[in-house]
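*Asks:* To start, I am sharing the structure in question, which I have written as C-alpha cells.
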Amino acid sequence: MLAFLRRLANAFELGTCWSCGYSCVGANSLCRDCDNALPRWYPRCCQHLSDIEQHISEGQRLCRYWYGALRWEPQVQQLITLFKFRNKAELAPLLANQLAAHLLLCYREQALPDCIVAVPMTQQAWRRRGFHQTALLARYLSAALKIPYINGGLRKIRSVPMQHMTSQSSRWDNSRRSQLALKDFSGCTVAVVDDVLSTGATMMAAADALYKKGAKAVDAWAVVYNQHD
Ligand SMILES: [Zn+2]
C-alpha cells in the first residue's frame, strides 16, 4: 500500500524528502534544506593516497584521480543505508546526480574519461540485493555526464568477505586479483564507479584489471568517500 502511494506520488512528481520526510516537489529528491546541508567534499582528489601506497605491490599502477562527492556523516549514512541495505533503488538518480555535479567541478579544466564501468558484484550479492547498485549509479552518471557506460566491463572472479569481517591488511590481500576486465580498454581513460570509497582496495583491484586490458588511465569515482584513520 505504501509502495503504491509512493508510486502514485512519484507519477505526479510529488515526493517527500528522503532525509527529513518533508513534502517537496520532485520525486526521489531531497528538500532544499537537506540538499544544502549535505556534507560535501571539496572538488579535488581525495587525500588518502599515501595510505594506499603502503599496500600496493611493486610496479602496481595507482588510479589517476580519486573523487568522492560526499562525506561519511549521519545524513549520508542514512541515504546509503536506505539505498544499499533497504533496497531503495530509486535513490540511485539522487546519489548519481550528487556525484555528477561534483565531477563536473573536478574535471572543469580537463577532459572527462572516455567511458565508465561499475565496480562488479557477485551473482549472490546481486540476487540478495535485488539490483546492481553500482551499475545503476554508473548508468545514471553516464546519462548525466554523456559518457558511455560499458556494461559488464568488470567481473568479480573471487568472493571477498564482507568488509567489516576482515582486517585492513587481509582486505587488501583478498581483493587483489579479485576482478577481471572483460573488454579491451586499450588507450582509454576509464572511470570506475562505486558507492562508498574507503580504503581504496576495491578500486585498486578494478584498476589492476583495467590496466591489464590496456587502459591508459583509471579514475576512481564514488558517491561517498569515507576517510579512515
Ligand atoms: Zn529534507
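The values are calculated or read from the model by the stated rules, or taken from the named source; none is laboratory data. Because the structure is a prediction, the values reported are computed rather than measured. Virtual Cβ from ideal backbone geometry, glycine too; neighbours counted across all protein chains shown. What goes into the accessible areas is simple: the full protein's heavy atoms, side chains included, and nothing from ligands, DNA or RNA. Shrake-Rupley method; radii C 1.70, N 1.55, O 1.52, S 1.80 Å.
*Asks:* Among the charged types (D, E, K, R), at pLDDT 90 or above, closer than 26 Å to Leu38 by Cβ and touching a strand residue (DSSP E or B) at 6+ places or on another chain (Cβ under 8 Å), is that true of Asp194?
*Replies:* So Asp194 fits the description; yes.
*Asks:* Which residue is nearest to the ligand (Cβ to nearest atom), if the candidates are limited to segment 13-35 and must be part of a helix (DSSP H, G or I) and surrounded by 13 or more Cβ atoms within 10 Å (Cβ to Cβ)?
*Replies:* If we take residues in segment 13-35 being part of a helix (DSSP H, G or I) and surrounded by 13 or more Cβ atoms within 10 Å (Cβ to Cβ), then Cys34 is nearest to the ligand (Cβ to nearest atom).
*Asks:* Among the residues of segment 119-152, what is the count of those that are in a loop (DSSP other than H, G, I, E, B), touching a residue at least 40 places away in the same chain (Cβ under 8 Å) and not hydrophobic (A, V, I, L, M, F, W, C)?
*Replies:* Total meeting the criteria: 2.
*Asks:* Checking Leu38 against (1) within 14 Å of the ligand (Cβ to nearest atom); (2) open to solvent by 50 Å² or more (accessible area, probe 1.4 Å); (3) closer than 21 Å to Tyr225 by Cα, which test does it fail?
*Replies:* Evaluating Leu38 over (1) within 14 Å of the ligand (Cβ to nearest atom); (2) open to solvent by 50 Å² or more (accessible area, probe 1.4 Å); (3) closer than 21 Å to Tyr225 by Cα leaves (2) as the failure.
*Asks:* Could you grab me the full set of residues in segment 55-101 that are of a type in the set (Gly, Ala, Ser) and open to solvent by 40 Å² or more (accessible area, probe 1.4 Å)?
*Replies:* Ser57, Gly59, Ala101 - these are the residues of segment 55-101 that are of a type in the set (Gly, Ala, Ser) and open to solvent by 40 Å² or more (accessible area, probe 1.4 Å).
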